[in-house]
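Taking it in order: structure first as C-alpha cells, then the write-up.
Only the coordinates and a few stated rules stand behind these numbers; no lab work does. Everything numeric in this text was worked out from a predicted model, so none of it was measured. Ideal geometry is used to build each Cβ from the backbone, glycine not excepted, and the neighbour counts take in all protein chains shown.
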C-alpha cells in the first residue's frame, strides 16, 4: 500500500512538473532573448583614491555579459554592425586622453557559419584614461558615461541600447596623498 | 476509498489534463519554430512607410499570404536568413505570397544602400533582396504585440490574420511548410 501511495505521489508530481513545462515554455519564447537589463551588468572603478588635481587616473568599466550572449566588439567585422562604445559626459575640469577597448574575439555562430564575427562575451573591461585638471571641483565628483552596445544570442538579437554608467570619485588638491585602488583590475592586462 | 486510491485518481486526472494540453500545442524547443501567439492581435491594423516615405498598409496585402519579417541591417541573424526569404519570394510570389521586410532601428538611407548593394548566396546564385522593404517603428512593433528579439516574423493569412509568430532565425523547412499550408 505504501508503495502504491509513493507511486501515485511521484506520478502526480511528475504530471505537475510536465504541465508546468508545457504551460510556461511555448516554443517561440525559447528563442527570445532575455530582457536587456538581464543580459548586461556594469560596474565602474577608479584607479586612485582620491584623485589629485593634475594627475592622470584611469576608470574601468567592467561589463558582464550573460552566458549564451555576445555583443559586437568596438571594431566589429562589418560596417553595418554596431560597435560597442563608451562615451563619457565629462564635467568641467576633467579631460580624457584615451578610451581603451580590448580586442574582441572572432567567433562563428549558427547564423553566420562561414563568417566569424568579432565579439565580446563573458566579462570585458573597458578603460578610460582621465585627468582631473586644476579647475576640477574638490570633493565628490560623478562622471556620467554612456555604454552603447548591441547584443545577440545564438539566434536572435536585441536592438542597440544605450546604458548609463556612473563613475564616482573624490578629487583632492594637487600633490595630495592618494593610494592605488582596485589593483586587481588596473594592473591586469585588458581582456575580453 | 483510501488515501492511496485518492492520490492515484488525482494523478490520472492530472495526466489527462497534461495530454489535452500537449495535444493542443505543437510545442517544440527549436529556435524559429512558430506557434500561434495567444496574446497577439488577430489582425494588426498597421501602416508602414516605405523607403520613399509612402504609406503601405498591411491591409493592402489582403488576398495574399504575407510573411512580415522584422529585421535590421545591424542584426547578423536577420541577415543570415535573408537567402531563405529571397528563395521564398522567388518560389511563391506567383502563387499569392509575399515577403514584407520591416527594417527596424535603422535609417532609410542605410537600408536603401544595403538592399541595393548587398549580394546574398541563394542556392549558389548571387541575388539582392527581391521583396518589398518598409520601415518598422516601435509603434508598429507594439501593434504586433511587441518584439522580443530580432529577427521576428509573422505569417499572415490571406484574410489578414496572424497565423504564427517566429522569434529568432527561421527554420527553412518549417517556414516552407507553413507558407505552403496557407497557399
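Here are the numbers for the structure shown:
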quantity: Within the range B:53-137, percent of DSSP bridges classed antiparallel, to nearest 5; calculated: 25
quantity: Rounded, prolate or oblate (a/c below 1.5 giving rounded, otherwise prolate when a/b exceeds b/c) for the range A:71-192 by Cα gyration tensor; calculated: prolate
quantity: Cα gyration tensor category, rounded, prolate or oblate, for the range B:143-183 with a/c compared to 1.5; calculated: oblate
quantity: Difference of contour (0.36 nm per residue) and Cα-Cα distance, residue B:119 to residue B:142; calculated: 5.2 nm
quantity: Counting DSSP beta bridges with both ends in the range B:31-182, the antiparallel % (nearest 5); calculated: 65
quantity: Residue mean of other protein chain beta carbons inside 10 Å, B:95-107; calculated: 1
quantity: Whether the range B:31-182 is rounded, prolate or oblate, judged on the alpha carbon gyration tensor where a/c under 1.5 counts as rounded; calculated: rounded
quantity: Simple spin-label estimate for residue A:85 and residue A:43 in nanometres, 7 Å along Cα-Cβ; calculated: 2.8
